[in-house]
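Written below as structure tokens is the structure these notes are about.
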Amino acid sequence: MLPDIENLIQLQRADREIQRLKDEIATLPKRQAAIEARLAGTKAVLDNAKAAVKTDDAARRKYESAINDLQQKISKYRDQSLDVKTNEQYKALLHEIQFAEQDIRANEDKILELMVNAETREQEVKAAEAELKAETAEIEKEKAEARQRAAEDEKQLAEWNEKREKARSAVNPDLLRQYDRVAKYRGSGLSEVRDHKCMACQVMLRPQTYNEVLSTTAPVACDSCQRILYYDASQDAPVEPAVLAAKKRRHHPKFDAPQAWYYRAEYGDLGEVFLAFFNDHGGSSRRVYDAATGRQLGDILSREGEYRLAFPEDISNATDAIRLNGSWEMSEVEEWASELPMNILDLLQRDLELARAESKSSLHPAVHAVAGHPAAS
């Protein structure tokens, strides 16, 4: 392999890691804002509970003041009743006293109702205070973890930037400009050649172009995507040895595993893709990745039920679905963000080759997974 190509491989790896770290760093402020919003919501619950107590206290004082005013009126009416000259005047004062006593009883009932609710109000305040205390402790922990993750990402970013500059300085300037130009528009400027095909754009190479790549005498670009091509002999084993290796060593994933990886040759208008399924708390999710570049396509789709039943159109009803090996935890996959790491992409593509070799061999059953007929137990 040409030294320039080796350095470009290191450069592309650095570029991908740098982009991943930048994407992760960019999400940290949003995560911080979400944490603060959650804490603000808990504080609002406590503030509302305290406000309700204050409102009830104010209402109780208002009713007590009204009772005091009414009692003074009654005392005044009784004093006036001693000086009246006619029965009509006396009866009128008695009516006023009765009305005032009715108002007193109504206000006393309202005060009693507030006293009954006071215990509930106090319990709500105590519960909100306890929740805020626990939430604050948890949020402070999350903040510390976010700050630590940000510091680690910044440190790794600096290290990868150094590796990137070192790799760039070792590449021929003209070749480097071509790499930068293609990477700017296509996301990557380098592609491996395997099975006479550019693995990035999946276009078959002309025999002359393929032979030029194999000769490793000068850099060669893909006629279709313009990415710089390279050939790794360790990744391109002959068909027959691959069949024998698959027969002896290829592991078959369990049918009822909580996660599954599949290859689809024609997935709508997306072409060749890898599908990742995960079961999680009674539901399942699906991620779609470009089989050549490893980039995630579209959003994560979640459905009820475990993935074999939730996504039949992708698995049991798909005649071109090939089950692959993959046992990465969901938390690890989430850390990859929007692109499969190069080593993971290589593992999936290598296992796909072995699976294809198996399906062509009379020594092994086909590995296409269909409903009720697992690829392996």
How much FRET efficiency would the formula 1/(1 + (r/R0)^6) give for SER359 and GLU304, where r is the Cβ-Cβ distance and R0 is 56 Å, rounded to 0.05? 0.95
State, as an integer percentage, the relative contact order of the chain based on alpha-carbon contacts under 8 Å between residues 6 or more apart. 15
Net charge around ILE67, counting only other residues with Cβ within less than 9 Å of its Cβ (Lys, Arg = +1; Asp, Glu = -1)? -4
Would you give the gap between the C-alpha center of segment 290-305 and the C-alpha center of segment 1-49, rounded to a whole Å? 19
Largest first, please: the extent of the C-alpha atoms of the chain along each principal axis, to the nearest Å. 130, 54, 32
List the lysines whose Cα lies under 25 Å from the Cα of LYS197, skipping any in the same chain that are fewer than 8 positions away. LYS184, LYS360
With viscosity set to 0.890 mPa s and temperature to 25 °C, compute the Stokes-Einstein D of segment 3-167, Rh being the Kirkwood radius across alpha carbon pairs; µm²/s, no decimals. 108
ILE139 and GLU152 label points (each 7 Å along its Cα→Cβ direction) are spaced in nm at 2.4
Straight-line reach check, LYS76, cutoff 19 Å on alpha carbons, 8 or more apart in-chain or any other chain, hits among aspartates and glutamates -> GLU64, GLU88, GLU96, GLU101, ASP103
Total formal charge among the other residues, if their Cβ is under 9 angstrom from that of GLY283, Lys/Arg +1 and Asp/Glu -1: -2
If the cut-off is a Cα-Cα distance under 25 Å, which lysines reach LYS30, setting aside same-chain residues fewer than 8 apart in sequence? LYS22, LYS43, LYS133, LYS141, LYS143, LYS155
Net lengthening on full extension, VAL203/VAL84 (0.36 nm per residue, minus Cα-Cα): 31.5 nm
Helix-only mean residue ellipticity at 222 nm for the chain, each DSSP H run of n ≥ 4 adding -39500 (n - 2.57), per residue, nearest 500: -21500 deg cm²/dmol
Ignoring trypsin sites (Lys or Arg not before Pro) buried by more than 14 other Cβ within 10 Å or outside DSSP loops, the longest site-free run in the chain is 86-253
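Any read-out appearing in this document is the output of simple, stated calculations on the displayed coordinates, not a laboratory observation. Keep in mind it's a predicted model, so treat the numbers as computed, not measured. Every residue, glycine among them, receives a Cβ derived from its backbone with ideal geometry; neighbour counts consider all protein chains shown.
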